[in-house]
Amino acid sequence: MENMEFWNKVAKPPSTALKQIGGGRLKGMTDIQPMWRYEALTEQFGACGIGWKFTVERVWTEVGSDGQVVAHALIKLYVINRDSEQYWSDPIPGIGGSMFIAKETKGLYTSDEAYKMAVTDALSTACKMLGIGADIYAGKWDGSKYRETRPSDDKPIFISQDQVIEIEDKIKEVKADKPAFLKYLNVNNVSDIPVTVYKKAIAGLEAKANARH
């Protein structure tokens, strides 16, 4: 198999497999329905257990702030390797998480599906390594049209979802004033940060972190 053959086949999900995130720190971004990932694996490799499989290596919880608890899962994904005598590929690891106890407006809420959702999230992480949905995570495809592949004055390229999460986490880590930070970058939301400003954003947050030590 050519190196990019599988990647190119699964990089762009159909619009029916996508949904807009309605709230939280990723509001307005595009999410991929998990079933499409399983369909893509099955289409390319065969049925689950025959052409692809995964094992749950570990599940655990971590206590966060204000009584919140996060459930985590570590999985290993395997796909068939027709070009090798060992049949199965080497394991493709993925770590995922979901809120087990979350702080909501009416108080703490406990989810009885936290581990299941953490495993689903871990599978999505492993699938990224194979290129499944890559155009979404790279910020190239929003479900209806491709974004510009090079910068222009009226259509900037925005940072990817992974970069959005990285910056959001960094803001919390350094306890930055988010509104002031966004004003400094001249944007309304973290997802509106152009790729050309990404390094400036990270550098500014790291400088704040260093100033605290």
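Listing for the model above:
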item	result
Options Gly24, Gly49; residue that is modelled with pLDDT of 85 or more, on the phi > 0 side of the Ramachandran plot and not charged (D, E, K, R)	Gly49
Selection within the range 32-91 - polar (S, T, N, Q), in a helix (DSSP H, G or I) and surrounded by 14 or more Cβ atoms within 10 Å (Cβ to Cβ)	Thr42, Gln44
One residue from Val119, Val79 being touching a helix residue (DSSP H, G or I) at 6+ places or on another chain (Cβ under 6 Å) and closer than 24 Å to Val10 by Cα	Val79
Count - residues of the range 161-190 that are polar (S, T, N, Q), crowded, with 16+ Cβ neighbours inside 10 Å and at pLDDT 85 or above	1
Positions within the range 71-103 being over 23 Å from Trp60 (Cβ atoms) and not hydrophobic (A, V, I, L, M, F, W, C), in sequence order	Asn81, Arg82, Asp83, Ser84, Glu85, Gln86, Tyr87, Ser89, Asp90
Hey, Leu108 in a strand (DSSP E or B), exposed (fewer than 15 other Cβ atoms within 10 Å of the Cβ) and on the phi < 0 side of the Ramachandran plot or not	yes
When residues of the range 96-105 are limited to those that are in a strand (DSSP E or B) and of a type outside the set (D, E, K, R), the one surrounded by the most Cβ atoms within 10 Å (Cβ to Cβ)	Phe100
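The values are calculated or read from the model by the stated rules, or taken from the named source; none is laboratory data. These numbers come from a predicted model, not from an experiment. Every residue, glycine as well, gets a Cβ built from its backbone with ideal geometry; the counts of neighbours run over all protein chains shown.
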